[in-house]
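No value in this document is a laboratory result; all are computed from the given coordinates. What you see is a predicted model; the values in this text were computed from it and never measured. Here the Cβ positions follow ideal geometry from the backbone for every residue, glycine too, while neighbour counts run over all protein chains shown.
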Amino acid sequence: MRLKGYLSKMRGSVHGSPPRVSLPEVLWSWSGAFLGIAAVAWLNQRFFAGTDLTLAIGSLGASAVLVFGAVRSPLAQPRNLVGGHVLSALVGVTCWQWLGGEPWLAQSVAVATAIALMHLTRTLHPPGGATALIAVIGSDQVHAMGYLFVLLPATLGPLVLLAVALLFNNLPAARRYPEFWL
Amino acid sequence: MNLNACAAEDPLSPEDDLAEIELTDADILEAMREIPGYLDITTMDFRAVYHLAHRHALDRLFSGITAGRLMRREVRPLTPDIPLAEAIPSFVRQGLKSLPVVDGQRRPLGILTETDVLRGLGADTFLALMARVIADEKCIKSEQHHRPVGELMTAPVVSVPLNAGLRALLAAFASHPGRAMPVLAADGRLAGLLPRKVFLNACHPDRRP
């Protein structure tokens, strides 16, 4: 029966979850994320505090999970890290400007379109969805930036993370980054 | 009749798995544990990738194996009206243990195997026949000698097309007990005969074509 098959899919497969990583691996992930986010936050504090601009957006925290916590993942590679954020920010800002009067619609179209665009360009990067959503939900500061949002937090932020990831993730013997560039 | 035309196209035919070890979740998880760092993949995905990659690797390794390249072209088939007494020397001359039986247009009607011949002579195996010959020299009844090949042959015949690859050939050999496989041209006529021995040699990794 179709319904039965449909429902049985929800049970999942039995032993799907990947094993827990070793303790040293946890420490490497912690240190990498610490340095990555520290760099972004420090630059933001040093150069953008008190201005109308920002470098730190929440979705960079999500990127740090991938770039430092799942280094080998295709989702964490430079093409995806930078491409995903830039394209999603473009989509987000555009949705805010065109559909901002209907916030629920602007938000949903932004995230859905960002995913579609990332798929089509092979730049799928989950934090990109957050970037698109942030561009719409924003703060007034984010909204006021307009397309500068694409350039500043959404391009420069991931680039800072990328730089730290390149320097840091190649230090441990068991890590290498990236798997591919483009 | 070609029973195996579909074998090459069915991606899930059981013969595909002949050389592939079934990986359990535990195997995959254990392997993932040995690789430092978080692997962003489920066991299900891994198994699916492994399964498909294995197929591609086999296809690549054995891409040189086709029925047309391996078959013996010079085979002289039998016709159904030939009496057994004439068919047997034909086996011996050609050094084969089965011969295709064809009609006037070289379309296969069946295959006459050594087993068919022995059954016609009233024995299941060569040794059974030997035992009877040793016990009683007159055990082979001469009236059998005149029976036509058409009465004794195995039919319908399992055959393969010229372009049949490893997978189709494995399926074909698995589906009938004969030692040789008639190979048919696109028009359905007999193009040659592929002995199982030749096929197995070609599959040997060190003797790949």
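Between residue A:155 and residue A:104, full extension at 0.36 nm per residue minus the direct alpha carbon distance yields a gain of 15.8 nm.
Return the loop-located trypsin sites (Lys or Arg not before Pro) in segment A:1-76 (DSSP other than H, G, I, E, B) with at most 15 other Cβ atoms within 10 Å of their own Cβ; answer none if there are none.
Numbers: sites: A:2, A:4, A:9, A:11, A:20, A:46, A:72; in loops: A:20, A:72.
Passing both the DSSP loop test and the Cβ count: A:20.
Measure out, as a whole number of angstrom, how far apart the alpha-carbon centroids of segment B:114-130 and segment B:143-198 sit. With segment B:114-130 and segment B:143-198 each reduced to a Cα centre, they are spaced 20 Å. Could you let me know the centre-to-centre spacing of segment A:1-71 and segment A:113-178, using Cα atoms, in angstrom? Distance between centres, Cα-based: 12 Å. Taking label points 7 Å from Cα along the Cα-to-Cβ direction, residue A:119 and residue B:147 give a separation of 6.5 nm. Remark: the Cα gyration tensor places the protein assembly as shown in the prolate category, a/c being 1.5 or greater and a/b exceeding b/c.
Specify whether the C-alpha gyration tensor of chain A places it in the rounded, prolate or oblate class, a ≥ b ≥ c being the square roots of the eigenvalues: rounded for a/c under 1.5, otherwise prolate if a/b is larger than b/c and oblate if not. Walk me through the numbers on the way to the answer.
Values: a/c = 2.14, a/b = 1.08, b/c = 1.99.
Taking the square roots of the gyration eigenvalues as a ≥ b ≥ c, chain A is oblate.
Given their separation in residues at 0.36 nm each and the Cα-Cα distance between them, residue B:40 and residue B:60 gain 4.4 nm when the chain is fully extended.
In the elastic network of chain A, a GNM with C-alpha springs shorter than 10 Å, the most mobile of A:58, A:157, A:138 is A:58.
Charging the Cβ of each Asp and Glu at -1 and of each Lys and Arg at +1, and nothing else, the dipole of segment A:23-169 about its Cα centre rounds to 360 debye.
Scan segment A:118-182 for trypsin sites (Lys or Arg not before Pro) in coil per DSSP, keeping those whose Cβ has at most 16 other Cβ atoms within 10 Å, and list them by number.
Hits after loop and neighbour filter: A:122, A:176.
Loop-only check: which GluC sites (Glu not before Pro) in segment B:113-191 are DSSP coil with at most 13 other Cβ within 10 angstrom? Present the calculation step by step, with values, prior to reporting the outcome.
Values: sites: B:114, B:137, B:143, B:151; in loops: none.
Here no GluC sites (Glu not before Pro) fit, given the DSSP loop and packing criteria.
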